[in-house]
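One structure below.
The values are calculated or read from the model by the stated rules, or taken from the named source; none is laboratory data. Keep in mind that this is a model prediction, so the values were computed, not measured. Virtual Cβ from ideal backbone geometry, glycine too; neighbours counted across all protein chains shown. Just so you know, the surface numbers come from the protein's heavy atoms only, side chains and all, with ligands and any DNA or RNA stripped out. Shrake-Rupley method; radii C 1.70, N 1.55, O 1.52, S 1.80 Å.
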Amino acid sequence: MIKVTLPDGSVRQYPKGSSSMDVALSISEGLARNVLAAKVNGQIVEANRAIETDVNIQLLTWNDDDGKAAFWHTSAHLLAYALETLYPNVKFGTGPAIERGFYYDVDFGDYKFSEADFAKVEAKMLELARQKYPNVRKEMPKKEAVAFFEAKSDPYKLELLEGLADGTITFYETGNYTDLCAGPHIVDTSPIKAVKITSVAGAYWRANEKNKMLTRVYGITFPKKSDLDDYLLAFEEAKKRDHRKLGRELDLFYFSESVGMGLPLWAPKGAALRENLIQFLRKIQTRAGYQHVSTPHIGKKELYITSGHYAKYGQDSFQPIHTPEENEEFFLKPMNCPHHCEIYNAKPHSYKELPIKYAEFGTVYRYEQSGELHGLTRVRGFTQDDAHIYCRPDQLKAEFLKVVDLVNFVYSNLGFSEFQTQISLRDPHNQEKYLGTDEMWNMAESAIIEATRERGMKTTTKEGEAAFYGPKLDFMVRDAIGRKWQIGTIQVDYMMPENFDLKYMGSDNETHRPVMIHRALFGSMERFIALLIESTGGNFPLWLAPEPIRILPISDKYNDYAQTIMRQIMDATDLVVDIDERDEKISRKIRDAEVNKIPYMLIVGEKEQAEGKVSPRRKGQGDLGGMSVADFITHFQGEIKGAITQFNA
């Protein structure tokens, strides 16, 4: 008999060779019908995989992300099965589950796969799913694996096999389709009840621009048709909120091939939106004891060698900038932290000064392949609200908790009340890719775990997601179609102070090494604004709106009065106020202001001019009645004051 420990701590006994599905059946048939896979001693496996020793088990259903991943992994194989049936000469690259669905990279040869093919592929996938084909896992000697794909003339699978050691290779068979795959999968295809091919795009083989461009076919599947219907409704709504679409419509940002891919150009309204966010955070950071600094956009190669960034990212970063000086090389700045360390090192420090907090809205540059670029969410030049806290070891937890409180304050004021937190640790099976000693890592990981427990935070833990220099606490939000994006992060770092030989004089008159906290609340300003656009649909909070007030004269006779009103408001508030002086009917001006998502329209005509008033119209509320300019300013400022809570450091 073997002992099986369930997540609630209960222990059950089963015959050796039992499966996770047997465990589910022993609990209830209803549970067994919903089990998609299982996590056995932390490893996700098929629910029918035999268990030979005592284990910890978590049964995975559609409600678990790992359960969905197994479901969508099988769906990727089902997609390949359908494509191979419909287009016999296709060759396959890789086909993973992704956060929302799956894809497969396919070489269609001379055939141009397009949206016209989608319905046919969906129908074939459902036809195959109804056959309840089991997913059969087979261990395969490398020689036989190579022979199999040589017979199929599949160069992509053969290339993948080159990097696999004999004894580690597994195939999965689904009906007449066989694929090179490590798994895991659902037991058979029967749970797949609804299918949608969502899009098609180009993708270089193995993400290398020198390789052949394959066709990436994206899809999503569900265990119920009603789930697919709900998804499609949400997807249509999300398309209306796509930040790329709204960015153009609201005149916020643009891209130009002449400037370069992945390098956004901020129009006046977009720049105003950015500046409003920056000023909001700058004031809060000043109250919290941060000192704002500014550093260059480039740095010498040696700086990034010292920090460790060159060894980690040198191959993926931009090409070096050579100067007339022999052997002098600069790089576009990939990170702000090495520069901040040099500011810290510019003068000696006492333990009494710590913590020292440097903050910068610094633009950094990182090369992304063209196929990975996506609006503002993935760009090559972006601004970080970067800050670095240098503190004594005994201050670490308190300072970490202060940053957590700052994150909660900022996100709540911006409407991101629903976010997830993830503790990102190093990969215990591949520690060579991380810098620093085990002692440093253990102290840093313990500090994060203790701090989150003290705040009672609900977190998930992901091994292998740490930065190369330290563990981190990541803050994740979802966009309009449910994709998860990391925005803020807090990272504990013992290594960089070591690399830069950072010191402070302790109370014992001895030199000591500070601990460094890396911190970004918005993360990338570009990505944060993209998510903000999508979450609000472009209807920004009044205090954040790039054009909060537009004056609408009923005719050009009242343009001079509109100018007078504009100057009065701007003198009293420092706001940017626009006037719509076009020769259009007032109904057209109102409609355009609504489309442009202007919070306040001030209508002025004969009556308003005679009485020295304005007629405010609030988006979403309608007319507010006539007001004096002074009363409107009081009303406007009161609304803003009520929208932002006070930060107490």
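ARG274 contributes an accessible area of around 40 Å² to the protein surface, as traced by a 1.4 Å probe with all chains present.
Against the longest principal axis of the chain, how steep is helix 396-413, in degrees 0 to 90 to the nearest 10, with axes from Cα atoms? The angle comes out at about 70 degrees. The residues of segment 21-173 expose on average 49 square angstrom of accessible surface per residue, using a 1.4 Å probe on protein heavy atoms.
Equivalent ellipsoid semi-axes for segment 285-416, as square roots of 5 times the alpha carbon gyration tensor eigenvalues: give them largest first, rounded to whole Å.
After diagonalising the Cα gyration tensor, the semi-axes are 29, 22, 12 Å.
Stretched out straight at 0.36 nm per residue, the stretch from GLU329 to ASN509 would grow longer than its current Cα-Cα span by 60.9 nm.
So if R0 is 51 Å, what FRET efficiency would ALA234 and ALA151 give, r being the distance between their Cβ atoms, rounded to the nearest 0.05? Mind dumping the intermediate values first?
Values: r = 44 Å, r/R0 = 0.86.
Computed FRET efficiency for ALA234 and ALA151 comes out at 0.70.
Tell me, what is the Rg over Rh of segment 557-606, with Rh the Kirkwood radius over Cα pairs?
Ratio of gyration radius to Kirkwood radius for segment 557-606: 0.96.
Amide H contacts of THR198: TYR218, GLY219, ILE220, each under 5 Å away and 5 or more positions distant or on a separate chain (H built 1.01 Å from N in the peptide plane; Pro and chain starts excluded).
The residue among ASN56, ASN41, SER628 whose Cα reaches farthest toward the positive pole of the charge dipole of the chain, with charges on the beta-carbon of Lys, Arg, Asp and Glu, is SER628. With both labels modelled 7 Å from their Cα along Cα-to-Cβ, the GLU581 to LYS347 distance reads 5.0 nm. If the chain linking HIS322 and THR168 were pulled fully straight, counting 0.36 nm for each residue of separation and taking away their Cα-Cα distance, it would gain 50.9 nm.
The THR459 and ARG567 beta-carbon pair, evaluated with R₀ = 45 Å, returns a calculated FRET efficiency of approximately 0.30. A dipole drawn for the chain from +1 and -1 charges on Cβ atoms has a positive end, and of LEU31, GLY488, TYR365 the residue lying farthest that way is LEU31.
What is the distance in Å between the Cα centroid of segment 161-183 and that of segment 97-142? First find each Cα centre; the distance between them is then 16 Å. Report in % the part of the accessible area of the chain that belongs to carbon and sulfur, leaving out ligands and nucleic acids; probe 1.4 Å. Carbon-and-sulfur percentage of accessible area, whole number: 48. For ASN56, nonlocal amide neighbours, meaning residues 5 or more places apart or on other chains whose placed amide H falls under 5 Å from its own, are THR5, ASN41.
Modelled spin labels at ASP556 and SER199, positioned 7 Å past Cα toward Cβ, are 4.5 nm from each other.
Once the Cβ-Cβ distance of SER294 and VAL136 is raised to the sixth power relative to R0 = 60 Å, the FRET efficiency obtained is 0.50.
Only one residue of ILE423, VAL403, ILE220 has its Cα farthest out toward the positive end of the dipole of the chain, where Lys and Arg carry +1 and Asp and Glu -1 on Cβ, and that residue is ILE220.
When the GluC sites (Glu not before Pro) in segment 296-361 are filtered for DSSP coil states and for at most 10 other beta-carbon atoms within 10 Å of their beta-carbon, the remaining sites are GLU325, GLU326. Applying a threshold of 25 Å to the alpha-carbon distances of LYS283/LYS619; LYS312/LYS402; LYS240/LYS619 flags LYS283/LYS619; LYS312/LYS402 as lying beyond it. Which entry is the computed P(r) over Cα pairs in 20 Å bins from 0, in percent for this structure: (1) 15, 41, 34, 9, 0; (2) 18, 45, 26, 10, 0; (3) 16, 43, 36, 5, 0? Entry (1). Site pair GLU439 and LYS484 shows an inter-label distance of 3.5 nm when each label is modelled 7 Å from Cα along Cα→Cβ.
Taking the longest Cα principal axis of the chain as reference, the axis of helix 142-151 is set at about 80 degrees. Only Lys, Arg, Asp and Glu carry charge here, each on its Cβ (+1 for the first two, -1 for the last two); on that basis the chain has a dipole of about 1120 debye about its Cα centre.
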